[in-house]
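Following: one structure in structure tokens, then a few remarks.
The values are calculated or read from the model by the stated rules, or taken from the named source; none is laboratory data. Note that the structure is predicted; figures quoted are calculated from it, not measured. Positions of Cβ are backbone-derived with ideal geometry, glycine not excepted, and every protein chain shown enters the neighbour counts. Note: areas computed on protein heavy atoms with side chains; ligands, DNA, RNA excluded. Shrake-Rupley method; radii C 1.70, N 1.55, O 1.52, S 1.80 Å.
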Amino acid sequence: MRIRKNLILSLSALLVAILCFVFVPMFWKDTSAVGTVFALLPPVIAIVLALITKEVYSSLFIGILSGALMYSKFDFLTTVDTTVEAFVGNIGDSYNMGILIFLVLLGMMVVLMNRAGGSRAYGEWAVKKIKTRKGALLSTFGLGCLIFIDDYFNCLTVGSIMRPVTDKHKISRAKLAYIIDATAAPICIIAPVSSWAAAVSSYIENPDVSGFTIFLQSIPFNFYAILTIVMIIGITIMNIDFGAMKKHEDNARDFCDLFTEGDRPYENNEKAPSSKGKLIDLIVPVAVLIVSCVLGMMYSGGILDGAGLIGSFENSDASVGLVIGSGLALIFTIFFYIARDVLPFKEIMDCCAEGFKAMVPAILILCFAWTLCDISRGYLEASTFVKGFIGNPQLGYFLPAILFLLSMAIAFSTGTSWGTFGLLLGIIVPLSGPIPNTLLVAISASMAGAVCGDHISPISDTTIMASAGAQSNHLNHVKTQIPYALVVAGVAFVCYVIAGFLPYWYVMLPLSIVLMVATLFILKKVTSKAKNEIKTESQE
């Protein structure tokens, strides 16, 4: 049956492809997709294919190819040139290359800490201290909140530290990936000292009000980020699971199956850790990593040139800072383990090679995702379409709610929150003059929607690294977290509708939390009712 179904899907896809290549060029010959709504089509194609086929690499490539075809108006040679140029250009980009190097360095550190026995020792200690599944989940959430300096750093560090603990308490990798992802971008976007605060500040050009000040003032209106925190605490305390996540959690709890479905590249793939490892072999390298990454970002922002603490974060280059920090931490960790005599030098070098290999899937997906984003935003000029839409004066009081949905759609389609709010902030922030409350709500809605769209996008770099950090199947992570994120997005949307008329944070912030808690109680009642019905049917 499965073979027949796959055959039908394959033949259907082939037929659609033939029809597209035969008839679409006839339509597109005198039509340009540049600057139109079609600029968002390539990422949508990639996302839909990934969710249907459960295969990421080919789906992303088809999305890239479709964008190149539209840009070249189905000219073969131009399509090839555009595809290669976009792919090579994004890999060669200095910022992107820095992120890739950071991924490799962090992957090396993760393997080193595991092989040295630090993660095992922490897991043994944590199991004694953390007695329940709720405790394990809340501990993961708490650690994610503490590592607020950068979302990439958060995803991989929290995952490597908390995996042994969540595994012991039979928490599915999909649930771990959701907690990691939900404490990455949503925490960073409301943290005054983070790479995200620096990015937002750099996108705002207003001589009368600094970008950092506008960022601080917008934090209470960032309903999606704040309500995501409420959501995590609520579903953990109230023991709520729904959608695809429920199946993963039931399998993990009842059958010790942490993966449930899909490929399992991370299952039983680690060598036995050193018996000499102690808790200090995890705590010291992680502490050095955190401190060195913070100092690296401050250095990249000009702290030594007199930029000051806040100024150094505003001007920091996350790519450079994280590479410097993780590189110093890796060197320290190598000498630390040699001095502690927990690993021989040869095995340390083997761990570095394994760490590189462990990050190859995430790196490959990132390279494809960046290329797809560049095709949509750079070549097809999606920003032109967005600017025309935002310029409609009839949006009025509903501008925050509309901006939230629009930025959510753009970030979901392109997989980049920074690119999304960078685009929108450049349109809606005035070039001079004070920022009224109504505009602060709109600015915050743009950032909140960008984070939400990025959170649920299969091609988002943060989503990819959350999967890598939890060592979860990527599409399982996407599929299980989307319902959770959309619940929060629904409440946030209602709040932005109201905030368009009541732009006061001291009114809207408590109201948003009350609405989120009420939604959680409704979810609890619905899921409990469904559970009781299933239990009754099984008894009958």
Apportionment of accessible area to carbon and sulfur, region 47-137, percent (1.4 Å): 69
Mind grabbing the accessible area of R340 for me, 1.4 Å probe, Å², rounded to tens? 80
Suppose a student asked you for the relative contact order of region 28-105, using Cα pairs under 8 Å spaced at least 6 residues apart; what percent would you report? 26
Counted charge near R133, where neighbours are those whose Cβ lies closer than 12 Å (Asp, Glu -1; Lys, Arg +1): +3
Taking 7 Å along the Cα-to-C-beta vector as the label spot, tell me the F356-I338 distance in nanometres, rounded to one decimal. 1.9
Segment V507-S94, length gained on full extension (0.36 nm per residue, minus Cα span): 144.3 nm
What is the spin-label model distance, in nm, from M238 to K524 if the labels are put 7 Å beyond Cα along the C-beta direction? 0.6
Measuring from centroid to centroid over Cα atoms, what is the spacing of region 61-86 and region 466-510 in Å? 34
Of region 457-475, those with amide N under 14 Å from the point 7 Å along the Cα→Cβ vector of I428 are none
Just the number please: accessible area per residue for region 456-532, 1.4 Å probe, all protein chains included, in Å². 38
